[in-house]
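We did not get these values from a lab; they are worked out from the coordinates using the rules stated. These figures come from a predicted structure and were not determined experimentally. All Cβ positions, glycine included, derive from the backbone under ideal geometry; neighbour counts span all protein chains shown.
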Amino acid sequence: MRKANELLSQNPVELPQLLQANAEELPYLDYYFHAVTSVFLFHELPESVRQTAIEQCFRVTKPGGTFIICDSIQLSDSPEMELMMNNFAKTFHEPYYKNYTADDLVEHLKKGGLNQIETQTYLLTKYSTANKQA
């Protein structure tokens, strides 16, 4: 984070701010962002925390805004990759990965209040895009 902030501060036009925070308690006001993204976070979280993180993302997204999750494919996307997914969890000591591969992200997004949910996969990556009703 320090190095990224250092590099970003060299741009005199903009001064973006990077912040490290707990996904279960995002330190932003309600309806703060037009869009929220998550890149390869959800397979690192226990299932109960996934739901809380989605609800926090919903809270900080403005009505009409978008939430995008980019993460690993899941069994429902590519059942033929089950052996690879199971081996990934073991080989790389990923304690929540196996549960993530069987979890239903779309259901979590719906439960979190998001709608117009679309999913796409590309190679071993899954993109879930959801909107917050205006």
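The order of 114, 124, 26, 18, going from fewest to most other C-beta atoms within 10 Å of their C-beta, is 18, 124, 26, 114.
So what's the net charge close to residue 33: Lys and Arg +1, Asp and Glu -1, counting the other residues with Cβ under 13 Å from its Cβ? Spelling it out: positives minus negatives among the neighbours equals +2. Think of the chain as having a plus end and a minus end, set by charges on the Cβ of Lys, Arg, Asp and Glu; of 97, 116, 9, 9 sits farthest toward the positive end of this dipole. Of all segments of the chain bounded by chymotrypsin sites (Phe, Trp or Tyr not before Pro) found in a DSSP loop with no more than 11 other C-beta atoms within 10 Å, the longest spans 41-91. Amide H to amide H distances under 5 Å link residue 72 with 43, 126, where only residues 5 or more positions off or on other chains count and H is placed in the peptide plane.
Placing +1 on the Cβ of every Lys and Arg and -1 on the Cβ of every Asp and Glu, with no other charges, gives the range 1-76 a dipole of roughly 160 debye about its Cα centre. The dipole here belongs to the chain: it is taken about the Cα centre, uses +1 on the Cβ of Lys and Arg and -1 on the Cβ of Asp and Glu, and is about 260 debye.
Across the chain, Cα pairs under 8 Å and at least six residues apart give a relative contact order of 26 percent.
Do any GluC sites (Glu not before Pro) in the range 1-56 lie in a loop, going by DSSP, with at most 11 other beta-carbon atoms within 10 Å of their beta carbon, and if so which?
Numbers: sites: 6, 14, 24, 25, 44, 47, 55; in loops: 14, 24, 25.
Hits after loop and neighbour filter: 14, 25.
Cross-link reach is defined here as a Cα-Cα straight distance under 22 Å, omitting same-chain residues fewer than 8 places apart; for residue 132 the lysines meeting it are 62, 110, 111. Can you give me the angle between helix 47-60 and the longest principal axis of the chain, using Cα atoms only, in degrees from 0 to 90, rounded to the nearest 10? With both axes taken from Cα atoms, the answer is about 30 degrees. Take the Cα of residue 116, step 7 Å toward its Cβ, do the same at residue 11, and the gap between the two points is 2.6 nm.
Applied to the range 90-99, the Karplus parametrisation 6.51 cos²θ - 1.76 cosθ + 1.60 on θ = phi - 60° returns per-residue 3J(HN,Hα) values of 6, 5, 9, 6, 9, x, 10, 5, 4, 5 Hz, with x for Gly and Pro. The calculated Kirkwood hydrodynamic radius for the chain is 16.0 Å, given to one decimal from all distinct C-alpha pairs. Each Lys or Arg adds one and each Asp or Glu subtracts one; over the other residues with Cβ under 13 Å from the Cβ of residue 54, this totals -2.
Please give the FRET efficiency for residue 21 paired with residue 68, using the beta carbon to beta carbon distance and R0 = 30 Å, rounded to the nearest 0.05. Plugging the Cβ-Cβ distance into 1/(1 + (r/R0)^6) gives 0.95.
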